[in-house]
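Comments concern the structure below.
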Ligand code: SF4
């Protein structure tokens, strides 16, 4: 199938390179690799370290064998509709927060004069259209996302409405203790959007274009904790303290999800307090898997709301090389 891919931004995330904030973190990044093994060294003799991103950590939790194929052997996953839709929507959101700067003050003025419709149209006008129409429902997702930004604009009257960080490139060094030994690792990632909390702190926001169910809150907290950890350990004082995190699922109704949903949580309350320990444990498990070279295929099954059985293997590009699936089963 031909996909419509549209990126109005000057560069893609890959083209932006490491963008480490200082020499120390750049050096740490250069020393890091997804294919790390104990004792591994660079040609100059400097020890290598494991590179961990939010998605590599999530990938390992999803299935260790898929992680190995994807991050260590670098076997490309087949591009699917969800990936293309997600990238197209993220590209627009990234573009929006840069471009809306030029019209925001005029929109505030219109709002103050009671010209709400014009204010909304002005903000919406910065969203570019692809040369050919989208094929995967991106427009509906973008429109839902924009509605939420518009609602925020009306409530805040434009104060602390703008993003202070847009696709923020973050790095951090971390020492991880596994079985009594300390292993340095490098954390790397892009944070979708960062907003001011109005009180000197920051709110981290993650945009997802998949389905939403309440059960996802737990994994979302862990993803957001990974970002928070990176900002704290990487010394990104501009964004500290992180007082809240949030996620938005403008296509949350898809594939049996409940509805389009966004949520905001205070990072200091009890229900979020488990996240730091869980994320650190997940990081330790990943380091240990590299030490022991154990990346077992781990098929998982679950029952959806509609009673249908789902499995991580159904979404996996490595089924035909996966030891968990024999040739007979694959044929079936
Ligand atoms: S097919 Fe299933 S068990 Fe095998 S790598 Fe993929 S997700 Fe893991």
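The values are calculated or read from the model by the stated rules, or taken from the named source; none is laboratory data. All figures in this text were calculated on a predicted structure; none of them were measured in a lab. Methodologically, a virtual Cβ is constructed for each residue, glycine included, from the backbone with ideal geometry; neighbour enumeration extends over all protein chains shown.
Contact map, the range 289-318: residues that are within 17 Å of residue 211 (Cα to Cα) and within 16 Å of the ligand (Cβ to nearest atom) paired with residues that are at pLDDT 90 or above and assigned to a loop (DSSP other than H, G, I, E, B), Cβ distance under 8 Å, separation 6+ or inter-chain. Pairs shown: 311/299; 311/300; 312/63; 312/298; 312/299; 312/300.
Every residue, every condition in (1) in contact with a strand residue (DSSP E or B) (Cβ under 7 Å, 6 or more places away or on another chain); (2) closer than 22 Å to residue 173 by Cα, yes or no:
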residue	(1), (2)
232	no, yes
250	no, no
253	no, no
259	no, no
279	no, yes
288	yes, yes
309	yes, no
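The lone criterion from (1) over 27 Å from residue 147 (Cβ atoms); (2) over 19 Å from the mean Cα position of the chain (by Cα); (3) surrounded by 11 or more Cβ atoms within 10 Å (Cβ to Cβ); (4) more than 16 Å from the ligand (Cβ to nearest atom) left unmet by residue 279 is number (2). Filtering the range 64-86 to residues that are loosely packed, with under 15 Cβ neighbours inside 10 Å and within 13 Å of the ligand (Cβ to nearest atom) leaves 73, 75, 77, 78.
Would you confirm whether any residue within the range 150-158 is outside any helix (DSSP H, G or I), closer than 22 Å to residue 245 by Cα and in contact with a helix residue (DSSP H, G or I) (Cβ under 7 Å, 6 or more places away or on another chain)? Scanning the range 150-158, I find at least one residue that is outside any helix (DSSP H, G or I), closer than 22 Å to residue 245 by Cα and in contact with a helix residue (DSSP H, G or I) (Cβ under 7 Å, 6 or more places away or on another chain), so the answer is yes.
As a summary of the residue check, residue 144 satisfies the conditions (1) touching a helix residue (DSSP H, G or I) at 6+ places or on another chain (Cβ under 9 Å); (2) buried (at least 16 other Cβ atoms within 10 Å of the Cβ); (3) under 17 Å from residue 95 (Cα atoms) except for the one numbered (1).
Looking only at the range 35-63, which residues are under 20 Å from residue 182 (Cβ atoms) and either within 16 Å of the ligand (Cβ to nearest atom) or touching a helix residue (DSSP H, G or I) at 6+ places or on another chain (Cβ under 9 Å) (or both)?
Taking the range 35-63 first, the residues under 20 Å from residue 182 (Cβ atoms) are 36-42, 45-52, 57.
If the condition is that a residue be under 20 Å from residue 182 (Cβ atoms) and either within 16 Å of the ligand (Cβ to nearest atom) or touching a helix residue (DSSP H, G or I) at 6+ places or on another chain (Cβ under 9 Å) (or both), then 36, 37, 38, 42, 46, 49, 50, 51, 52, 57 are the ones that fit.
Among the residues that make up the range 249-265, is at least one of them away from the ligand (no atom under 16 Å from the Cβ), modelled with pLDDT of 95 or more, exposed (fewer than 15 other Cβ atoms within 10 Å of the Cβ) and closer than 30 Å to residue 181 by Cα? For the range 249-265, residues away from the ligand (no atom under 16 Å from the Cβ), modelled with pLDDT of 95 or more, exposed (fewer than 15 other Cβ atoms within 10 Å of the Cβ) and closer than 30 Å to residue 181 by Cα: absent.
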